[in-house]
Amino acid sequence: MGTVLLAAPMWVGAQALDGTALAQKNRCLACHQVDAKRVGPSFRAVAERFAGKGEDAATLDYLAQSIRKGGRARWGAVPMPAQPHVSEQDALDLARWILTLPPPG
Ligand code: HEC
């Protein structure tokens, strides 16, 4: 009987998504932290830049694309390399999670 509980899904919707685990699985945390700048901007700084756009499909799509393809010159001198190991679904979930974070400060 206990196995039924163990097999239950870890999350039931976007709200309950464990973004930190997803970021860890996709190796984002090598360069990013939620609260502090590392190689790349903190995820809370990204949330601040795109504040109010969490429900905006074009913004989510842009961020999911930039997570998979990387980019440069939006935050500083260091470019973000492409992350082709990230699935499209994970990229979208990561973008959605980042935009739910409270802004810095
Ligand atoms: C090798 C280091 C590195 C890794 C790994 C990395 N990033 Fe980045 N990331 C960066 C840097 C550097 C920037 C800033 C690039 C710039 O100035 O345009 C950045 C920028 C971003 C941005 C802002 C994009 C924008 O358009 O403003 C997001 C969102 C992001 N990263 C998410 C992620 C996620 C999610 C992962 C994991 C799948 C990840 N990054 C993995 C270094 C990294």
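The values are calculated or read from the model by the stated rules, or taken from the named source; none is laboratory data. Predicted model only: the values in this text are computed from it and were never measured. As a convention, Cβ positions derive from the backbone with ideal geometry for all residues, glycine included, and neighbour counts pool all protein chains shown. For the accessible areas, the whole protein counts, side chains as well, though only heavy atoms, and no ligand, DNA or RNA atoms are used. Shrake-Rupley method; radii C 1.70, N 1.55, O 1.52, S 1.80 Å.
Annotations
- Comparison of Arg96, Arg72 shows that the only residue that is more than 9 Å from the ligand (Cβ to nearest atom) and either closer than 17 Å to Gly52 by Cα or modelled with pLDDT of 95 or more (or both) is Arg96.
- The number of residues in the stretch 36-61 that are near the ligand (Cβ under 8 Å from one of its atoms) and either surrounded by 15 or more Cβ atoms within 10 Å (Cβ to Cβ) or under 11 Å from the mean Cα position of the chain (by Cα) (or both) comes to 5.
- Test: residue in the stretch 72-86 that is out of contact with any helix residue (DSSP H, G or I) (no Cβ under 7 Å at 6 or more places or on another chain), open to solvent by 70 Å² or more (accessible area, probe 1.4 Å), aromatic (Phe, Trp, Tyr) and part of a loop (DSSP other than H, G, I, E, B): yes
- Any hit, the stretch 12-27, residues being modelled with pLDDT under 95, open to solvent by 100 Å² or more (accessible area, probe 1.4 Å) and farther than 17 Å from Pro104 by Cα: yes
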